[in-house]
Structures are given as C-alpha cells and as structure tokens.
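Since the structure comes first, as structure tokens, the remarks are kept for the end.
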Amino acid sequence: MNSGNVIEVRGLRNAFGEQVVHENLNIDVRRGEILGVVGGSGTGKSVLMRSIIGLQQPSAGEICVLGENLLDDDKSGDDEIRRRWGVLFQGGALFSTLTVAENVQVPLREFYPNFSQQLLDEIAVSKILLSGLPADAAIKFPAELSGGMRKRAGLARALALDPELLFLDEPTAGLDPIGAAKFDALTRELKETLGLTVFLITHDLDTLHAICDRVAVLADRQVIAVGKIEELLKSDHPWIDEYFSGPRGRVALQGHQ
Amino acid sequence: MSVQADFEFSEAPDGKANLVLTGDLIVSAIGDLDERLRSLDGPVGYVDLSQAGHVDTIGAWIVERTAREHDATIVNASREASLLLERVKEQKTDDLPERRELIPIKRILWEIGEAVVVACSTMFAFLGFIGQVVTAFFRVLFNPGKIRLNAVVMRFEMVGIRALGIIGLMSFLIGIVIAQQGAVQLRQFGAEVFTINLIGRLTFRELGVLMTAIMIAGRSGSAFAAQIGTMKITEEIDAMRTIGVSPIEALVLPRTLATILWMPLLGFYASIVAVVGGGLLCWVALEIPPATFIQRLREVTPITDFYVGLIKAPIFGAIVAMAGCFQGLQVHNNAEEVGQRTTAAVVQAIFLVIVLDAFFAVFFSSIGWD
C-alpha cells in the first residue's frame, strides 16, 4: 500500500442477486484530501461507502483503510481502525433513545471508559458547538430536532474521537443554502486544523467547487474519472459533461470563478 | 505510536509557575491527564506547549480549560495547536444544560397523575378509533370499489394460515392437559367418564376461542402494532394521508377484517384439535375407545356451547386487531416507542379479551345457555 493513500480499493465487485453495482472498481483516497464522490442515483455511491467501512461484504476485491485490510480474517486491528474514523450517515443515524450529548459520548465511552463524566460532558458540548448546533441542543432527543440539526448532531458524533478519516454521506442534502455553506466551511476548516481526510458523497455542485480537492465520478459500475474539477471539465464522457456543464453545473462554476 | 500526555512544572523568567505539557495531547494519549489537571492547585502563570506533540480538539479543550481556570497564558503553541485553541475558545460554555428534575415525592405524584390521564385518554382515544374503523367499514361497504381485497387476502395468510401450526399444537396439548388433570380429580369420585364433559364443554365454550385469541394477540396483534408503528416513524402514514389514502381504510380495515373473519375458523379448529388431544388421552389413559368418546361427547355438549364460542370469536378478533393497529398509530417519536407500543398492544388486547370473556360467561348463563 502506498503510504500516501488512506483508502485503497482494488477490483471491488458488489452485486445484489443479478444486479451488479460495482465491477472491478478502483479508487484511492490520499492523506489529507477531501475527495468528492459523485454519480447518478443508483450508481452505488452509498454502497461504495458501506463497503469501505465494512457494512457491506463485497463479492470480490481488496479494500485497505489506514493500512488495514478489513476484508481478511484477521479482525485484530479492525477496532483500532474504527476509532480512527468517523461516519456521518445520510439521515444522521442518531440513537433515538439517547440525547444528542449522550449520542456524542457513545464512541468516547466505548473506547475510553475511564474518562470522567465531567470531561465527557465538556467534550460533548464542545463537539456540539463545533458542529454548529446551539449548546441547548445537547439535552434534546433526536426526535426533537429538525433534519438539518440531526445532521449536525450526527457530525458531532462522527467527530467525537477526533478521527483521521471522515466519511460524509450527502452532508449538505436537505440543508438550507446558508447552512450548507457553513457546513462546507466547517468541513474545510476541520480538514485544515485536524489534518482530516474526507470521503464525501455529494450531489451538491457548490460543495464540490468549494471544498473538494479531487472529485471521483461513479458511472457504469466503475470510477470513470478522478481528478480536479478543471480536469474533469475537459472530459468528453457524456455524463460528466452533462453533470458539470448542465445549467446547474454552469451556475455553480460561475459562482466560484 | 503516540506518547502518553503528562505535565511538569518549571519556573518562567518572570518568576511565575510554568506548566509544561509533554507528550501527545490527543484523545488516545490523554489518559488521566484531565483529572490531574483538574485537581491542580496553586497559581499557574503559563501553559507551555513547547514540549507537546500532536494536539487534537479534546487536547486543545483541556489546555484551554486549564488555562482559563488558572488565568494562565498559553505559550509556544504550534500553528495547528493555535488554530485549534482559537476554535475551542469560541466554544466556551459553562456546563451542560440540564433537564429539569422534580423532587422524588413530586415525581411520584406526577407519575401517578400522568398514568391516570394517559389511561383515560387512551381509553377515549381507543373508543374513538373503534368508531373510525366502524364508519370506515360502512363507507367501504356502501362503496365496494374501495375494498382492498388483495390486502385482506394477504392478511388471511399472515393471520390465519400461518398460525394453524402453532395454534394446533397449543390446542392439542391443552386438550391433553385438561383430560389428564380432569381424570386425576374425577377418579377420586369414580366419575372418570365425566372427563369427556369437561373436555367438550370447556374447549368449545371457553378455551378454544380464548387461547386462540391470546395466541393471535401475541402473533398478529403485535405484528400489526410494530408494522404500523414503523410506518409512522418513516412517515409512510403521513405520505398516505397526503395522497388521499385513508390509513384506516388501507391499513387498519384489511387487518381487522382478516382477523375477524379468521377468528371463528381458528377458534373452531382449536376446539376440535383440543378435543382430539383430550380424546387421545382418554383412549390411552382411561381406555375409553374413540367411538364411545365421540358418542358421549355429542350427548353432553350442547349446541349452544358451540354457538357461544362462535359468537365470541369475531368480537375477540376485532379487539385484538384494533388494539394492535391503534397502538401502532400512537407511535410518534422513536424506535423504542415501537417496542413499548407493541407490548402495550398485546397487553391491552389480552386484558380486554379476558374482561369481555368474563362478561360473556355471565351473559350467556343468564340467558339460559348453560
């Protein structure tokens, strides 16, 4: 494994019955970058993320995360890897019977059981504020929050252990433009201050332009192109062309020039 | 990989105490540093990060808090560390806000009061729900195009056909138990032959239908509550309403109709299987041959016993199905509530069935069907 890569996927194949989602898919995520993953609906962006974080057993291929092969039979180092990444699911995936603060504390309690309650509370509030929620959200239950707030609370939980690697599944979907821009700025800032590597699934063209170092395009069961947006703009693949040069793509591009 | 975080003191050029943090100030290396820094007393002039390794937000928080508590200045922070310190400084907050807690005696009173209010309002809401289902039933009856036949038939399979095995086994064993226990007691009076009366009357009149209702409450009532409750959480019910589909007509009515139609069949089946079980025991243990058993059974079991069971069955079915659907529709917040409501559906259904059964027992006796 190349030491500059945090994630390496080789020859990945995912199939649900007859339906093949990925076939011989390769992708690398470099240390310290924000990699945007785009693709039409149903091209398996979420399935790719689920494969990398070990929620989906692929039918073939190699996946290496932070130097650890998660698909082999040696499970010894897997927990160690889990404490070094954070995952934000689409809907936030908060534990509905715990308050937001307790949600944030779950990974901390799991890995560092001897932290005092006082420190846990302080960390929880600090992470909640960091993710852009007001402090009084800490005592609320997920059902009492709006969709956007739930997403931020999910981010607070994903950041609880100060991960090296952050997986974000459509973080700005469902947020208002102001909230989405703040979320982008936050992701960028976290990357810079904490040296995070971010694997970001998104449909949001503004997010792509604003924060992604590289963009990977999923189509035809594979990653058909990876590179900076300027490079992708030169691509003649019809889907990429339509994606970045369609009406929305042009507006987003103008906005960042 | 990381170096355990620690601290030591030195003296700064201006004579103030200099707290030098060493090691990596990251979550996996902090260990008990937090508690030791918390219990630190004595004036601290500077917090020195020159010896510190990596810093993450949790480490930065601890540094920032310590500096704030002792009014100390943070010095020699690396560029990344200063960025993080800036960030956590903005997040200064005193304490985790707390949910208001009542004193114990007040809380007990409050809980009793709440339980009473909840019980009463649930009862009224359930009555209202029964009303809704009945009006929906008549609306569908006068407008047959609205009947969701496919849904009803699908429930037939789930409620009825798939329950045949377990209800059969249960009833067979209950038949054996009644016969065996009855025989033991009646033998003392030399009246073993009355075991047949016991089997025939008990199963057709009471146990066949009652046990079936309890089994259906556990099997199907709980399933209804969980299905509908989950649909509530995923906003499927709201989606239905906005499309103009009444959840009562689309979800509750098919389930209720299927259960009402199947309960008499299942109840009768359960009674017959229980009689077979009892007959088998009589044959093996009391040496009453099947032919005699059947002949005697027909003599001692009045047809009214069969009617009693048959009249009760659809009513029990309606109660079980409606309790399940009603509780499912009461789910609002979270996954845990689905569990609570499912439990409530089964408890409520069995409770109501037994109350009604007691009422029927008195009622049928008083009209002379004894």
Obtain the nm distance between the two label points defined at B:Ser365 and B:Val193 by a simple spin-label model: each point lies 7 Å from its Cα along the Cα-to-C-beta direction. 2.7 nm
Mind checking which helices in chain B clear 27 Å along their axis (Cα) and have mean Kyte-Doolittle hydropathy of 0.0 or more, DSSP H runs only? B:104-141, B:164-187, B:253-285, B:303-329, B:335-366
Enter the mean number of other protein chain beta carbons within 10 Å of the beta carbon of each residue in B:165-176, as an integer. 0
Given the candidates B:Met263, B:Val47, B:Gly221, the one whose Cα lies deepest towards the positive end of the charge dipole of the protein assembly as shown, counting +1 at each Lys or Arg C-beta and -1 at each Asp or Glu C-beta, is B:Met263
So if we plug the beta-carbon distance of B:Ile243 and B:Val153 into 1/(1 + (r/R0)^6) with R0 = 25 Å, what FRET efficiency do we get, rounded to 0.05? 0.65
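Hey, what number do you get for the protein assembly as shown at 222 nm if only DSSP H runs of n ≥ 4 count, each worth -39500 (n - 2.57), divided across all residues, to the nearest 500? Please report the intermediate quantities before stating the final value.
Numbers: 24 runs with 339 residues, N = 627.
Computed ellipticity for the protein assembly as shown at 222 nm equals -17500 deg cm²/dmol.
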Hey, got the dipole for chain B? About the Cα centre, +1 on K and R Cβ, -1 on D and E Cβ, debye to the nearest 20? 2620 debye
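Less than 13 Å Cβ to Cβ from A:Asp72, Lys/Arg counted +1 and Asp/Glu -1: what total charge do the surrounding residues give?
On the way: positive: A:Lys75; negative: A:Glu62, A:Glu68, A:Asp73, A:Asp74, A:Asp78.
Local charge sum for A:Asp72: -4.
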Selection from B:Leu286, A:Ser41, A:Val104 lying farthest towards where the dipole of the protein assembly as shown points positive, charges on Cβ: B:Leu286
For the range B:6-90, percent of DSSP beta bridges that are antiparallel (nearest 5) comes out at 45 percent
Within 10 Å of the Cβ of an average residue in A:134-140, the count of other chain Cβ atoms is 3
Tell me, what is the FRET efficiency for B:Val134 and B:Trp110 to the nearest 0.05, using R0 = 30 angstrom and their Cβ-Cβ distance as r? 0.25
Within the range A:90-180, trypsin sites (Lys or Arg not before Pro) in DSSP loop having at most 13 other beta-carbon neighbours inside 10 Å: none
Once the other residues with Cβ under 9 Å from the Cβ of B:Val55 are scored (Lys, Arg +1; Asp, Glu -1), what is the net sum? -3
Averaged over the residues of A:118-126, the number of partner chain Cβ atoms within 10 Å of each residue's own Cβ comes to 6
Would you pull out the residues with amide H under 5 Å of A:Asn5's amide H, same chain only if 5 or more places away, H placed 1.01 Å from N? A:Arg31
Out of the DSSP beta bridges found with both residues in the protein assembly as shown, what percent are antiparallel (nearest 5)? 50 percent
Going toward the positive end of the dipole of chain A, with +1 on Lys and Arg Cβ and -1 on Asp and Glu Cβ, which of A:Gly4, A:Thr197, A:Ser245 do you reach last? A:Ser245
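What does the charge count near B:Arg205 come to, summing +1 for each Lys or Arg and -1 for each Asp or Glu among other residues with Cβ under 14 Å from its Cβ? Working shown, then result.
Values: positive: B:Arg201, B:Lys312; negative: B:Glu206, B:Asp305, B:Asp357, B:Asp370.
Here the count lands on -2.
Share of antiparallel DSSP beta bridges in chain A, in percent to the nearest 5?
On the way: 20 of 38 bridges.
Approximately 55 percent, going by the DSSP bridge assignments.
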Label-point separation, B:Leu169 to A:Ile139 (7 Å along Cα→Cβ), nm: 5.1 nm
Taking a crude spin-label model, label points 7 Å out from Cα along the C-beta direction, the B:Gln181 to B:Arg100 distance in nm is 5.3 nm
Student exercise, the range A:91-162 dipole from Lys, Arg, Asp, Glu Cβ charges, in Debye to nearest 20: 260 debye
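Bear in mind that the values in this text are calculations on the coordinates, not laboratory data. What you are looking at is a predicted structure, and each value in this text was computed from that prediction instead of being measured. Cβ: placed from backbone, ideal geometry, glycine included. Neighbour counts: every protein chain shown.
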